[in-house]
1. Which condition does residue 321 not pass, out of (1) part of a helix (DSSP H, G or I); (2) modelled with pLDDT of 80 or more; (3) of a type outside the set (A, V, I, L, M, F, W, C), if it passes all the others?
2. Just the residues that are aliphatic (A, V, I, L, M), in a loop (DSSP other than H, G, I, E, B) and more than 16 Å from residue 75 (Cβ to Cβ), please, taken from the stretch 102-124.
3. Residue 132 is checked against (1) closer than 30 Å to residue 224 by Cα; (2) hydroxyl-bearing (Ser, Thr, Tyr); (3) free of Cβ contacts under 8 Å to residues at least 12 places away in the same chain and fails just one. What number does that condition carry?
4. Contact list please: Cβ distance under 7 Å, first residue in the stretch 51-72 and of a type in the set (D, E, K, R), second residue assigned to a strand (DSSP E or B), pairs at least six apart or on different chains.
5. Test residue 87 against the stated conditions and say whether it is under 25 Å from the mean Cα position of the chain (by Cα), of a type in the set (Val, Ile, Thr) and in the same structural domain as residue 169 (by TED's automatic domain parsing).
6. Out of the residues in the stretch 298-348 that are of a type in the set (S, T, N, Q) and without any contact (Cβ under 8 Å) to a residue 60 or more places away in the chain, state the one that is surrounded by the most Cβ atoms within 10 Å (Cβ to Cβ).
7. For the stretch 214-229, does any single residue satisfy the condition of being at pLDDT 85 or above and assigned to a loop (DSSP other than H, G, I, E, B)?
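The values are calculated or read from the model by the stated rules, or taken from the named source; none is laboratory data. Keep in mind the model is a prediction, meaning the values are calculated, not measured. Every residue, glycine as well, gets a Cβ built from its backbone with ideal geometry; the counts of neighbours run over all protein chains shown.
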Amino acid sequence: MSGMDPKQVEILQERMERASEAQNYELAARLRDNIGALETVLEKSTVVFSDLTDADLFGIAHDELAAAVSLFSVRGGRIRGVRSWVVDKEIEQPLEELVRQIILFAYSSAEGVEAPSVPKEILVPALPEDSSELEKFLEESRAGAVSLRVPKRGDKAALAATALENAEHSLALYKTRRTADFTARSESLSALARALSLSEAPLRIECYDVSHLSGTNIVASMVVFEDGLPKKSQYRQFNIEAAADDTDAIYQVLSRRLKYLRDPESLDDGRFSYLPSLIVVDGGIPQVGAAKKAILESGVPDLALCGLAKRLEEIWLPDSDFPVILPRGSEELFLLQRIRDESHRFALTASRKKRSSGISSALLEIPGLGEKRVTALLRRFGSAKRLKLASLEEVSDVAGIGPVMAKQILDQLNQLP
């Protein structure tokens, strides 16, 4: 999107209406939010900043595989243009390194194209370690002084928030377009089958994740993707009473899910109707080992399994000494990452919902008692039930909790049924 053409709003509104008619409500909601962000930018283009600012302002939204950039060009105090683009990340990069890479790209010449003009001020969401060297590069391009900084307050900070919002919507739309592309989905499933040595493309993938607060309110999620798209009507959540750790929770949830597949007649009960082509767990070797144990004990044959470890995006297979590494930016890695992230989101949402009606939620309502102190309390006493039975002195002994707060905690807990 470049320039400030109001017709962009009309185009997005038409796309939103078509998405709604097709019952693609998730896409329609994202388009609605994008329309709001664009309208905000169009409104701001009529506002003159009091200091007649000449600046470029960058908003950057990123995840493990891609980064979206929204660049607002302000000249004479007015927003004169907006540019947006998305780049695939070859390696994992913190925001500071991304800023450096994007600045060099934005103000460097390309074959047959001159480098864009550099304004007096460049506003970014974070400063790279070599920001002084980067300023020198920009000053040489401009043949004058350049200030590279992070806006903290006022109109510039507000505009930075709008730029970030634009970038977030651009990233979401980019990921939605990739997912909606049937050819890309088919290729990603075929490539995934080759990478994992599957006999055929995994048309039904189930992914499992676990969420909890210091061992309490444990909830596991099962999300289902068919033909590379989420099948939300078949998502399931599992409440787990107690688990030694995440691997134990994974073992429990897979055991419960797979018992429905032991008897072929249970395939028609409508709850867990179909055999998965691939089971994915969020984690590495320990989680894959726990899932493998549950599969072997279930007696269900021909179940493919892998784990996706978040830090390095490594894929672990059962009994493998080395991970499978998929090319960064590849469609197959993008698909696995989206499934894993959806499973994590679903588990976290369910866990928070469960937590909101429990003792943890009641504790968080106490002024000054944040999630870290609640976690410390639950770690000390092992469960919310034991905390409720503790004495004033025992609660006071927890780091960060004094006698006054301890009394507030016990009073609050005693009000609960």
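1. (1)
2. Of the residues in the stretch 102-124, the ones aliphatic (A, V, I, L, M) are 102-104, 106, 110, 113, 115, 118, 122-124.
Pick out the ones that are also in a loop (DSSP other than H, G, I, E, B) and you get 115, 118, 124.
Of everything in the stretch 102-124, those that are aliphatic (A, V, I, L, M), in a loop (DSSP other than H, G, I, E, B) and more than 16 Å from residue 75 (Cβ to Cβ) turn out to be 115, 124.
3. (1)
4. 54/74; 54/75; 54/121; 56/71; 56/73; 56/122
5. Working: under 25 Å from the mean Cα position of the chain (by Cα): yes; of a type in the set (Val, Ile, Thr): yes; in the same structural domain as residue 169 (by TED's automatic domain parsing): yes.
Judged against the criteria, residue 87 is a match.
6. Filtering the stretch 298-348 down to residues of a type in the set (S, T, N, Q) leaves 298, 320, 330, 337, 343.
Keeping just the survivors that are without any contact (Cβ under 8 Å) to a residue 60 or more places away in the chain gives 298, 320.
On the way: 298: 18, 320: 12.
Of everything passing the filter in the stretch 298-348, 298 is surrounded by the most Cβ atoms within 10 Å (Cβ to Cβ).
7. Yes: the stretch 214-229 contains one or more residues that are at pLDDT 85 or above and assigned to a loop (DSSP other than H, G, I, E, B).
Every residue, every condition in (1) in contact with a helix residue (DSSP H, G or I) (Cβ under 9 Å, 6 or more places away or on another chain); (2) at pLDDT 90 or above; (3) crowded, with 24+ Cβ neighbours inside 10 Å, yes or no:
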residue: 203; (1), (2), (3): yes, yes, no
residue: 244; (1), (2), (3): no, no, no
residue: 251; (1), (2), (3): yes, yes, no
residue: 261; (1), (2), (3): yes, no, no
